Amino acid sequence: MALFAKQPVPGAVKTRLCPPLTDVEAARLCQVALAETVQGLWECPVRMVLFYAGDADWFKRAFPEMLRVPQSGGDLGLRLQTAVAQLFAAGGGPVLLIGSDSPDLPEALIDEALAALEEVDVVTVPCLDGGYALLGLKQPVPELFVDIPWSSNQVLVATRERASRAGRVYRELTPWDDLDDIAALRRLVERSPESGTARYVQGQLAHYLKT
């Protein structure tokens, strides 16, 4: 299982939340969400690798017990494709790709994705914004990462189309959510009030939820 993460540097992460959040507030939110994501995934019975973008020493200090691999160069598609190839080369599949934008992603959905990959080639947990919170592969499918309109509401549509064009059996699971706008923060607080990220939002960013 690959967790993709950026170092939470102000101005470089969660930019779609700015404004109304400041760059510093957005970076702190990103850091809290990443920490909760790691904690949640650590409890899953699947080997996890942190593919990071940013300062290696920062990630070493933050997550000393994790296997950490720097992301490759290129756009997001190439970085994802390279990580998938590395994981399959290291131990075969299936491979799950997860971001740090869905800190309350249930372990049950991860289990469901692994079970689905016994029957299909590609599985996704769609996001409400048109992307996906999880992508699972039984074997490498490079086509899924080429000419995808990343950071748009067409990511899932394009991924679905690429899987079909490549002749892969594709399945979508129960949709989940990520943290790309204020409405998503409100939904997180309502859906998972005991989540560490939700508690942080309630304690430090509650005034934004009222706008």
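The values are calculated or read from the model by the stated rules, or taken from the named source; none is laboratory data. Owing to the predicted nature of the structure, the values given are computational and were not obtained by experimental measurement. With ideal geometry, Cβ positions are generated from the backbone for all residues, glycine too; neighbour counts draw on all protein chains shown.
Numbers below:
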{"item": "Search result, residues across the range 124-148 that are more than 14 Å from F4 (Cβ to Cβ) and part of a helix (DSSP H, G or I)", "result": "P142, E143, L144"}
{"item": "Selection status of G131, surrounded by 20 or more Cβ atoms within 10 Å (Cβ to Cβ), touching a strand residue (DSSP E or B) at 6+ places or on another chain (Cβ under 8 Å) and either farther than 20 Å from F51 by Cα or touching a residue at least 12 places away in the same chain (Cβ under 8 Å) (or both)", "result": "no"}
{"item": "Subset of the range 7-26 that is touching a residue at least 60 places away in the same chain (Cβ under 8 Å) and buried (at least 16 other Cβ atoms within 10 Å of the Cβ) - its residue that is nearest to the chain's Cα centre (by Cα)", "result": "K14"}
{"item": "Test: residue in the range 152-168 that is touching a residue at least 40 places away in the same chain (Cβ under 8 Å) and more than 24 Å from L117 (Cβ to Cβ)", "result": "no"}
{"item": "Given (1) assigned to a loop (DSSP other than H, G, I, E, B); (2) touching an Asp or Glu at 6+ places or on another chain (Cβ under 8 Å); (3) modelled with pLDDT of 95 or more, number of the condition D178 does not satisfy", "result": "(3)"}
{"item": "Number of positions in the range 1-11 that are modelled with pLDDT of 95 or more and either under 21 Å from A183 (Cα atoms) or in a loop (DSSP other than H, G, I, E, B) (or both)", "result": "5"}
{"item": "Matching option when the condition is surrounded by 14 or more Cβ atoms within 10 Å (Cβ to Cβ) and of a type in the set (G, A, S), among A35, A89, A115, A108", "result": "A35"}
{"item": "Condition met for G77 (of a type in the set (G, A, S) and free of Cβ contacts under 8 Å to residues at least 40 places away in the same chain)", "result": "no"}
{"item": "Subset of the range 169-211 (residues that are in contact (Cβ under 8 Å) with a residue 60 or more places away in the chain and touching a strand residue (DSSP E or B) at 6+ places or on another chain (Cβ under 8 Å))", "result": "L173, T174, W176, D177, D178"}
{"item": "Matching residues in the range 141-184 - criterion: being within 17 Å of the chain's Cα centre (by Cα) and on the phi > 0 side of the Ramachandran plot", "result": "S151"}
{"item": "Hey, T197 in contact with a helix residue (DSSP H, G or I) (Cβ under 9 Å, 6 or more places away or on another chain), under 17 Å from L105 (Cβ atoms), buried (at least 18 other Cβ atoms within 10 Å of the Cβ) and among the polar types (S, T, N, Q) or not", "result": "yes"}
